[in-house]
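Asks: Starting off with a structure, shown below.
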Amino acid sequence: MDYETTLAIFTNVQHFASIHYVIQEDGHITQMVRTQDVAWHAGNWTFNGSSIGIELIGVAEDPSHYTDAQYRATGTLIRYLTDRYDIPRDRDHILAHEDLPGVNAARQAAMHWDPGAYYDYEKLLRHAGADDRNGPLRERDETVTIAPSYKSNELGFTSCNPGGGVLAPRSTAAVMVRTEPSDDAPFLEDPALAAVGAEDVVDV
């Protein structure tokens, strides 16, 4: 979706959607809602009420739309906001649309999946200065972190768009989670999507 269309959506009350910031591919930042006000951007009221929303202009299935200028601008904005509001700069607090749960199983299938499996969170966290305070990952008891190298880990995913087919393998920080340690084992099912009978319940 382009910049003009995005602004048209967020300034039209009939869309029932709003966002605090919009960042273009060239790094230009537009503030839409004051940070002290609640914006409707997450699809989950609990997260709306306790977060600041940043919309990136781009195409989730084509990582070339996420430019270096946009990564730098997004990271700089995150650094500013996390300093101002004393928010940890890590992936527990810097979340994407795709990280957010629906309010119930029926709503999960309708949640956003951007910025997509090809988004480079390592690059974003570097620009945000994650290492300045607590690093991008924190050790926690009984937590196992699988963190493949973005550059060397290439996977092809099934498009989320109707008729999109299989996407060409590209760099990703995502991993395929299977029910057993075997390349031909079934994928782990997403219980929320399975509960509502969604056809594609794998690729967790």
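Asks: Looking at segment 93-117 only, could you name the residues that are out of contact with any Phe, Trp or Tyr (no Cβ under 9 Å at 6 or more places or on another chain) and either free of Cβ contacts under 8 Å to residues at least 40 places away in the same chain or open to solvent by 30 Å² or more (accessible area, probe 1.4 Å) (or both)?
Replies: The answer is 93, 99, 104, 105, 106, 107, 108, 109, 110, 112, 113, 114.
Asks: May I pose another question? Kindly provide the set of residues from segment 165-187 that are open to solvent by less than 80 Å² (accessible area, probe 1.4 Å), over 12 Å from residue 63 (Cβ atoms) and either acidic (Asp, Glu) or not in a loop (DSSP other than H, G, I, E, B) (or both), ordered by number.
Replies: 178, 187
Asks: Please go through segment 68-87 and pick out each residue that is open to solvent by less than 40 Å² (accessible area, probe 1.4 Å) and of a type in the set (Val, Ile, Thr).
Replies: Those that are open to solvent by less than 40 Å² (accessible area, probe 1.4 Å) and of a type in the set (Val, Ile, Thr): 74, 78, 82.
Let's see how each residue does on (1) open to solvent by less than 70 Å² (accessible area, probe 1.4 Å); (2) at pLDDT 90 or above; (3) in a loop (DSSP other than H, G, I, E, B):
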site	(1), (2), (3)
119	yes, yes, yes
123	yes, yes, no
148	yes, no, yes
160	no, no, yes
163	no, no, yes
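Asks: Still on this model: Does residue 90 qualify as being surrounded by fewer than 17 Cβ atoms within 10 Å (Cβ to Cβ) and of a type in the set (Asp, Glu)?
Replies: Here the answer is no, as residue 90 does not meet what is asked.
Asks: Follow-up question, since we're still on this one. Within the group 23, 54, 9, which residue is surrounded by 12 or more Cβ atoms within 10 Å (Cβ to Cβ), more than 21 Å from residue 117 (Cα to Cα) and of a type outside the set (Ser, Thr, Tyr)?
Replies: 9
Asks: Could you grab the pairs with beta carbons closer than 9 Å, sequence gap of 6+ or different chains, first residue in segment 7-19 and of a type in the set (Phe, Trp, Tyr), second one part of a loop (DSSP other than H, G, I, E, B) and open to solvent by less than 40 Å² (accessible area, probe 1.4 Å)?
Replies: Here the result reads 10/17; 10/18; 10/19; 10/33; 10/39; 10/41, each pair linking segment 7-19 to a residue that is part of a loop (DSSP other than H, G, I, E, B) and open to solvent by less than 40 Å² (accessible area, probe 1.4 Å).
The values are calculated or read from the model by the stated rules, or taken from the named source; none is laboratory data. These numbers come from a predicted model, not from an experiment. All Cβ positions, even for glycine, are placed from backbone atoms using ideal geometry, and neighbour counts span all protein chains on display. The area values use the complete protein model at the heavy-atom level, side chains included, leaving out ligands, DNA and RNA. Shrake-Rupley method; radii C 1.70, N 1.55, O 1.52, S 1.80 Å.
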